[in-house]
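Step one of this worksheet: look at the structure below.
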Amino acid sequence: MGKTKVKPVEDVNPEVEEVEKLEEQRDDGEDEVEQTEPDKSFEELGLDSRLIRALDKKGIEKPTPVQKIAIPIILEGKDVVARAKTGSGKTLAYLLPLLQKLFSADSGSKKKLAPSAFILVPSRELCQQVFTEVASLIELCRVQLKAVQLTSSMPTSDMRNALAGLPEILVCTPACIPKCFAAGVLEPSAISDSLEILVLDEADLLLSYGYEDNLRSVTSIIPRKCQCLLMSATTSSDVEKLKKLILHNPTVLTLTEENDKEEAVPSNVQQFWISCSTQDKLLHILALLKLEVVQKKVLIFVNTIDMGFKLKLFLEKFGIKSAILNGELPQNSRLHILEQFNAGLFDYLIATDDNSQTKKKEEAKGENSKENKKKKGRGKPKLDAEFGVVRGIDFKKVHTVINYDMPQSVTGYIHRIGRTGRAYSSGSSISLVSTDEMEGFEKIKSFLASDKDKDEDSDIITPFPLLTENAVESLRYRAEDVAKSVTKVAIRESRAQDLRNEIINSEKLKAHFEANPRDLDLLKHDKLLSKTAPAPHLRDLPEYLVDPKTQEASKMVKLARAAMGGSRRSGGGGGRNNNNKKRSRKGSDPLKTFNPNGSKRGHGGGIGQKKDGKGSNDDSTNQKKQKTTI
Ligand SMILES: Nc1ncnc2c1ncn2[C@@H]1O[C@H](COP(=O)(O)OP(=O)(O)OP(=O)(O)O)[C@@H](O)[C@H]1O
């Protein structure tokens, strides 16, 4: 069990000097406690029976470590800074006590002119996600509370309408608040009167997404009585800055395991890698998906929007349908794509990272391209500054994350792989690493390796064991042939066409969702980009092409999926899969005992891969102590 430190705020960071003055006014000492998490149930944490019933209906049975520690402290009314790894259940850790406080809040005689709780998040996607969670809890609890979400691009009339029903909870990005002031739909003085709880979710991102000025404009009107909660997966100078700026007397919760690295790295994600040249990446991803040696659903990360389209076009020639998610798409489409993926309407989603890196790359590319120079001023589509899919987004039941392109940083890697293995579920990640990316990959590996591991030379990221060199080579001719047909022109045209379609869709979606908020099966996002259907010889691989070892591996992956009833394990996180719990025990996972060489049982990674990640059939090189749960 993890250990939780509850400790005071660290010494003042040089970067926060400018806020020290405010800090003096707001920050008058912190608690210092250290404790281990008691094994408590939600009831024992002091939660209202309505919330417990709601959790039960969602299939959530026992609190995660951060929930065990944070809920009672938040219920006591303390300001809290909670740092816990990605996917650890931070959203419910603050939402449950927040709702409970609002259940019992004095609705009183005085009519409130502003919401009692603000939840500020860095991206629109997160805004939608948190709003959906609050709204479903309110509905399941059958209480008379109202939550609304605002986005900064909303017309004033929509903002006014949303706030007219006097909601108790407002979920939005920080940029919305000054907009509401400017439009006259919220009064600063009303906020000072009404605000009881302020949550800064994904706090480490709020400043880097450029919301500092927005947050400063809110700071001065937060009433002293307001309880402030700051949630984050990592610590950074930005978190420190916000802490000093907004919180008073905070209790700092840091969920630690054995060392600082493990705090950040999702522990129930098995990490693999494959070494291949840049041009062989298409071949390798084809082998992974077409030979079905990875479990669905699969989230694939690329570093540029064009690469996403290239991959989609390539895969669809083999009958593999996927959807694309990037910051260029209109907001309604993005939210709809996420909802459809979460609802299981398609299995493969190709996503670009959050905005900052993609934007830099796209801009660099745009500046260099002659064509773009010619087109200057002709209204190139802009990336949405509030787009963010890596951080905080709770992709449901993603079993495999593939880094088609390697992320630019260790944190980027951790957040990408953290899209699987959330709360009590498990997952795996596979990174395709080219020679150019090797240096960055080594940095990631060395960050992840504990000091003990460094001595023992046992890597956390191990070669992917279920893809033989033969299996990959059997697809080479087809892959290379198809790759040639995915030209730059085809990519550019598909991207432009997709954007045009999504802009039209987005309008339809907006109107439709206002009338039918739950209708997801409208406008599928994994439609083919090319006009011709995949050729039968590419769509249906002849069996003789697939070597017996790969066939066996693929069977085992399918068996494991069936046995596990999707991707969730027992332990309360299963939601709709709860009835599969009995079958999802470790012992019954066929991959735990899978050895494609047939001779030895148990651990060992099976099909040989050289330690450098390159495919090989030499299983003597691959007797690592790893449990394989692909
Ligand atoms: N006690 C629980 N038992 C099982 N599942 C849970 C529990 N609490 C939360 N979850 C589920 O775990 C998933 C991850 O939760 P959440 O998004 O809150 O994580 P997070 O810590 O905020 O991650 P990130 O830092 O990436 O935003 C969600 O699907 C959520 O419904």
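Here, each number is a calculation from the coordinates, and none is a lab measurement. Values in this document were obtained by computation on a predicted structure and should not be read as measured data. Note that we place each Cβ from the backbone using ideal geometry, even for glycine, and neighbour counts take in every protein chain shown.
Under the definition of Cα pairs under 8 Å and six or more residues apart, what whole-number percent is the relative contact order of the range 126-248?
Once divided by the residue count of the range 126-248, the mean separation gives 21 percent.
What is the range 48-98 by shape, rounded, prolate or oblate, if you read a ≥ b ≥ c off the alpha carbon gyration tensor as root eigenvalues and call it rounded for a/c under 1.5, prolate for a/b larger than b/c, and oblate otherwise?
It comes out oblate by the Cα gyration axes.
Using 28 Å as the Cα-Cα cut-off, could you pick out the over-long pairs in Lys57/Lys296; Lys62/Lys312; Lys281/Lys321; Lys58/Lys179?
Beyond 28 Å: Lys62/Lys312; Lys58/Lys179.
What distance in nm separates the simple spin-label points at Ser277 and Ser208, each placed 7 Å from Cα in the Cβ direction?
That separation, rounded to one decimal, is 3.4 nm.
Could you sort 497-504, 54-61 so that the peptide with the highest average Cβ count within 10 Å comes first and the rest follow in order?
Highest mean packing first, the order is 54-61, 497-504.
Mind ordering 294-300, 317-323 by average Cβ neighbours within 10 Å, highest first?
294-300, 317-323
Using 7 Å Cα-to-Cβ label points, what is the Glu76/Ala182 separation (nm, one decimal)?
The modelled label-to-label distance comes out at 4.2 nm.
Please give the peptides 534-540, 42-48, 281-287 ranked by average Cβ packing (other Cβ atoms within 10 Å per residue), highest first, as a rough proxy for protection.
Descending packing order for the listed peptides: 281-287, 42-48, 534-540.
If you take the beta carbon distance between Lys443 and Ser192 as r and set R0 to 60 Å, what does 1/(1 + (r/R0)^6) give as a FRET efficiency, to the nearest 0.05?
Rounded to the nearest 0.05, the efficiency is 0.80.
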